[in-house]
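Note sheet for the following structure.
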Amino acid sequence: MNRRRMLHAFKAAKEVADYEDAAVLQEAVDPQLYLSRNRLPQPFHLVCSKDTVITQLSGGARIDLRDSSVNTFRMTVGDIAYIPAGTPHQIIPTDEGVSEGRSDPSASHHILLEEEP
């Protein structure tokens, strides 16, 4: 996907694979916006080194959190979820949708597979 000054998120989402987290703004923009199309349950928990904000643009999803005071957050169109740095999270779509994530582009990510505690 080409990075642009302006973006039509729903058209761009057709170019994005499930959980690809494609950066959509120019490279120097901080925080960066990431577009993700979600049709299948995320097969892992993602842990980001910096805080992340997820916005549900279409469809619906459930975010499962580990090591948090909140275990599950249900997302519908327009909902925004704040994920603190270091919190393992997994996105389970309730129907196909598009989400946008905001994060510092220097953030590192770690994947926890389901068999890990």
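Scanning the stretch 92-117 for residues that are open to solvent by less than 50 Å² (accessible area, probe 1.4 Å) and modelled with pLDDT under 90 yields GLY97, VAL98, SER99, GLU100, GLY101, SER103, ASP104, ALA107, LEU112.
Kindly establish whether ALA81 is open to solvent by less than 50 Å² (accessible area, probe 1.4 Å), free of Cβ contacts under 8 Å to residues at least 60 places away in the same chain and either in a loop (DSSP other than H, G, I, E, B) or farther than 19 Å from ASP95 by Cβ (or both).
no
Just the residues that are assigned to a strand (DSSP E or B), hydroxyl-bearing (Ser, Thr, Tyr) and either buried (at least 20 other Cβ atoms within 10 Å of the Cβ) or out of contact with any Asp or Glu (no Cβ under 6 Å at 6 or more places or on another chain) (or both), please, taken from the stretch 22-68. Please lay out each step first, then the result.
Of the residues in the stretch 22-68, the ones assigned to a strand (DSSP E or B) are 22-23, 32-38, 44-48, 52-65.
Now narrow it down to the ones that are hydroxyl-bearing (Ser, Thr, Tyr): 34, 36, 52, 55, 58.
TYR34, SER36, THR52, SER58, listed by residue number.
Between a residue in the stretch 45-67 that is over 17 Å from VAL77 (Cα atoms) and touching a residue at least 60 places away in the same chain (Cβ under 8 Å) and any residue that is surrounded by 18 or more Cβ atoms within 10 Å (Cβ to Cβ) and of a type in the set (Gly, Ala, Ser), which pairs come within a Cβ distance under 8 Å, given they are 6 or more apart or on different chains? Pairs found: CYS48/SER103.
The values are calculated or read from the model by the stated rules, or taken from the named source; none is laboratory data. On a predicted model such as this, the values are computed, not experimentally measured, just so you know. Because the Cβ atoms are built from the backbone with ideal geometry, glycine has one as well, and the counts that use them run over all protein chains shown. These accessible areas exclude ligands, DNA and RNA; they are computed on the full protein's heavy atoms, side chains included. Shrake-Rupley method; radii C 1.70, N 1.55, O 1.52, S 1.80 Å.
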